[in-house]
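Okay, structure first, notes after.
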Amino acid sequence: MGKILGPGTAGAWDDYKVSGPIVRQAPDGTWNMWYYGRSKAFNQTADLINLPTGHIGLAKSKDGLRDFARVKGLLLDGSVFGPSSSNSFDSLHVGIGDVQWDAQLKKWVMYYFGGDGEYGPTPYGQARGIYMKIGKAESSDGVSWTRTPGVLLDKGAPGEFDALFVGWPQVVDLEKDSVLPGAKLGMFYHTFNTATFGFEIGLATSADSKGEKWTKRGPLQLPRGPPGTLRDLGHATRCVISDPARRKKLLMFAECANTQNSNCIAVYGSDDGMHWEDMHPDGKPVFVGAGKGTGRWDAQALGCPSVSVRDGCFYMYYVGFAESTSEGAALGCIGLAISEGMDFTKWKRMGE
């Protein structure tokens, strides 16, 4: 139940893992899902960081609920976006953070992240590709993309909370909700803070509507649980939207990271974009894995929520992981869950 896209066929660019769905309705009414992934061959790249990142692909659906069909891109075995061929920040692997339709330009705008071949520290030892940075690209059809030269948002200086990497960007219109005076756009991203040994979400803002220059505001104020809890490693991937019920100006559906390897989704609210409070009345996550021993594709952990409001409900696309495979790794697949009205504490997986 719930799964709408799994790894590609053997030999495809995404035959090992898929992750990070970004689902948007196109001007013609169809639904596009951009996502990132990697192949088994790509995963064997020497000392490559252990993530599902690699290349970016596109799948389309008439209703955004089922029958997502892969679109054959122009790059490696059908991907639509990949590492740069030049010696740049994204020359080893890339992942997607956000895609938006610009009605004035009549183009899709992609905010992505990537890393190069430089070695750096991870929680599991040295690896290549950990020093990730954020870039931007544009496309008229969602398939053929042109990069904006340079880095859009760089990692922090030594000693800063985001010195290791910046990734998984999402750009939000802050002006329409009067969130931060003088800020038109906000870019939410996350990093791993080696000093506190936990994931942290940061915010950068832009004073212009084009988002050409960004100023970092620092890490968000989010509750992190004590050791042994479902939030003891902080928060990573997230999706920020306007609160349709106006309980707060903004809602954040955030991945709770933990040492139990059973990541889940919690919901937070904020009026200023920096300080966030738990929106669950009991302080619990709102969406968890199907559970160990169930044999489900999303039994072990959840992440990468992409949330929109349709028909008076929250539609959440997410990534789930099985407990194990014959290869000893939990494959990532993409699923969909729909809330009961505006109650984000009650969900049904697609097909239930």
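Side notes on the structure shown:
- Yes/no for Leu203 being touching a strand residue (DSSP E or B) at 6+ places or on another chain (Cβ under 6 Å), over 29 Å from Leu65 (Cα atoms) and outside any loop (DSSP other than H, G, I, E, B): yes
- Region 287-301 residues that are within 18 Å of Ile338 (Cα to Cα) and assigned to a loop (DSSP other than H, G, I, E, B), paired with ones that are of a type in the set (Asp, Glu) and at pLDDT 90 or above (beta carbon under 9 Å, 6 or more apart): Gly289/Asp298; Ala290/Asp298
Rundown of residues vs (1) on the phi > 0 side of the Ramachandran plot; (2) at pLDDT 95 or above; (3) crowded, with 20+ Cβ neighbours inside 10 Å, yes/no style:
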residue	(1), (2), (3)
Ser144	no, yes, no
Leu153	no, yes, yes
Thr194	no, no, no
Ile201	no, yes, yes
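- Residue count for region 143-172, restricted to those that are in contact (Cβ under 8 Å) with a residue 40 or more places away in the chain and either more than 18 Å from the chain's Cα centre (by Cα) or in a strand (DSSP E or B) (or both): 14
- Given (1) touching a strand residue (DSSP E or B) at 6+ places or on another chain (Cβ under 8 Å); (2) closer than 19 Å to Gln221 by Cβ, index of the condition Tyr315 fails: (2)
- Residue count for region 207-224, restricted to those that are assigned to a loop (DSSP other than H, G, I, E, B) and crowded, with 16+ Cβ neighbours inside 10 Å: 5.
- Breaking point among (1) buried (at least 17 other Cβ atoms within 10 Å of the Cβ); (2) within 30 Å of Gly202 (Cα to Cα), for Asp102: (1)
- Considering residues of region 173-204 that are among the β-branched types (Val, Ile, Thr) and touching a residue at least 60 places away in the same chain (Cβ under 8 Å) only, the residue nearest to Leu233 (Cα to Cα): Thr194
- The residue that is nearest to Met316 (Cα to Cα), counting only those in region 225-249 that are part of a strand (DSSP E or B) and small (Gly, Ala, Ser), is Ser242.
- Leading residue by the ranking (farthest from Tyr36 (Cα to Cα)) among those in region 63-83 that are modelled with pLDDT of 95 or more and in contact with a Ser or Thr (Cβ under 6 Å, 6 or more places away or on another chain): Phe68
- Considering residues of region 105-117 that are surrounded by 15 or more Cβ atoms within 10 Å (Cβ to Cβ) and in a loop (DSSP other than H, G, I, E, B) only, the residue farthest from the chain's Cα centre (by Cα): Gly117
- For first residues located in region 313-333 and farther than 19 Å from Gly97 by Cβ and of a type in the set (Phe, Trp, Tyr), partners that are part of a strand (DSSP E or B) and modelled with pLDDT under 95 and lie 6+ apart or on another chain with Cβ distances below 7 Å form the pairs Phe321/Ala301; Phe321/Gly332.
The values are calculated or read from the model by the stated rules, or taken from the named source; none is laboratory data. These numbers were taken from a predicted model, which means no experiment stands behind them. All Cβ positions, glycine included, derive from the backbone under ideal geometry; neighbour counts span all protein chains shown.
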